[in-house]
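All of the numbers you see were taken from the coordinates with simple rules; none came from a lab. The shown structure was predicted, so the numbers you read here are calculated from the model rather than taken from an experiment. Here the Cβ positions follow ideal geometry from the backbone for every residue, glycine too, while neighbour counts run over all protein chains shown.
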Amino acid sequence: MSKIGIFGAGYVGLVTGAGFAALGHDVTIREIVPERVDELQAGRLPIYEPGLDKLFEQNRERLQFTTAPEEAVEGAEAVFVCVGTPATYSGDADLSAVWTVLDDLQGIASDTVLVMKSTVPVGTGDRVRAALDTRGLNEVSYVSNPEFLAEGSATHDFMNPDRIVIGSDDEAAGDVVEELHAKLDATVVRMDVASAEMVKLAANAFLATRISFINEIANVCELVGADVDEVARGIGLDHRLGPHFLRAGIGFGGSCFPKDVSFLKLLAGNSGYHFQLVNAVIEVNELQKRRVVSKLQKHLGQLAGKRIALLGLAFKPNTDDMREAPSIVLASRLLAEGAEVRGWDPVARPGGLLTGVALCDTVLDAVRDADAAVIVTEWDELRELASPEVRDAMRNPLIVDGRNLLDPKAVEQLGFSYEGIGRASSPFSGLPETAEPERKPA
Ligand code: UDX
């Protein structure tokens, strides 16, 4: 049982903290936002993450929250940096929160290990080492320990990691971090710091590449009459490829893939290498978000004055996170086309991210008198979308399934037109009546 300090009570910090407490360690999480610390001390979670509340409850006695850095540092065997490293406008990593942590390490013992869990560009370890030395913290050792937590399944991912990557230029420091994870049944991969930093970026960029690849395959399938889901099933059975991350759709979003792919692109560019593949991954993803617009135009013609319901706003199901959500780009494209846009999501609260979009509390409200309903996020609730009730509430029963969630045949049998991604879609049934629709009072 060790004492662990954590800086940052965001997704990574809270899941990592609760995870280590579940492994029996004493964890103190330092957060700079006092209101967030008050929430946490009152037992309220500031984020929506399935299973995290239970993990907190079960390990409450081993979890402390504070705004005081010294409380997280004092007596700690390891201090984890779990602060946000968002992308700047140039796409570089904003490391200001990391440097702030280094300024808050007063009282850190010389045998404490500083561990980077935030996603950082390759080479950050060297800069942190130099920064520690200039602050007279030469004795404090540094380890890179990237996380691979996916939102919506993060607590499971922490307790059941595929691997634990430990990058250290100091063997003993790496041993300390390995020991902290001892109770987890997972392969430990030890390497140097720079390689560990690259593992994180490369892993996310490769997952994003698989998504852009299958999305391009989907786009070709539409032109040659093949079904991308069948294709994905066929190629996914190859043990060299595997079935994961081959779900075609309207593009990836979230706080990680877009940022990490751009980090890698810039890292390569700043190092004198033109990384063509990641450039293409980003470009394909941006275009994929917009393909829904042309699918709607195919069925509806001009979108001006049409009412479009966007179903699912979070960047993926089981999270309330809107960061880089495809719904944001899609909504602004549709508004720019003069369409009236309605949105629904079971948990995400977009706030100012979806200006001009009428947010609805129910799916039925969102699709009322709509000329089309678009599945943007594959929430389970939407599996029952194609119902007589929804069909009769819509002005034009057209479903554009941006996540291939539904069975095209079943949807058509219920009297809807269907348009998927890389799937056989309903034949173009001619533009709907253009006469200004008589809107039933809400
Ligand atoms: C990701 C990585 O999975 C995780 O290991 C890392 O630590 C952080 O980044 P996350 O961003 O939470 O996690 O979500 P993920 O489930 O990976 O999905 C990312 C995006 O890709 C979502 O927008 C999702 O809709 C999309 N996606 C995912 C697809 O379009 N197709 C797929 O087959 C899988």
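Taking amide H as placed 1.01 Å from N in the peptide plane, the amide H of residue 340 sits under 5 Å from that of 305, 306, 307, 308, each at least 5 places away or on another chain.
Among the listed pairs 54/259; 289/316; 298/409, a Cα-Cα separation exceeding 18 Å is found for 54/259; 298/409. All other residues whose Cβ lies under 14 angstrom from that of residue 407 are scored, Lys and Arg at +1 and Asp and Glu at -1, for a net of -4.
Spread over its residues, the convex hull of the C-alpha atoms of the stretch 224-294 is 130 Å³ per residue.
Can you tell me the relative contact order of the stretch 13-84? Whole percent, Cα pairs under 8 Å, sequence separation 6 or more. Show your work: numbers first, answer last.
Working: 74 pairs, mean separation 30.6, N = 72.
Here the relative contact order equals 42 percent.
Summary of packing: across the peptides 351-360, 170-179, the per-residue average of other C-beta atoms within 10 Å ranks them, highest first, as 170-179, 351-360.
With K and R counted +1 and D and E -1, the other residues having a Cβ less than 11 Å from that of residue 236 yield a net charge of +1. Computed per residue of the chain from DSSP H runs no shorter than four, each worth -39500 (n - 2.57), the mean residue ellipticity at 222 nm is -12000 deg cm²/dmol.
Each 20 Å bin from zero up to the one holding the largest Cα-Cα distance in the chain carries the following percent of pairs: 24, 49, 24, 3. Listed by chain and number, the lysines whose alpha-carbon sits under 21 Å from that of residue 3, ignoring those within fewer than 8 places in the same chain, are 117, 183.
Each Lys and Arg Cβ is given +1 and each Asp and Glu Cβ -1; about its Cα centre, the chain then shows a dipole of about 1380 debye.
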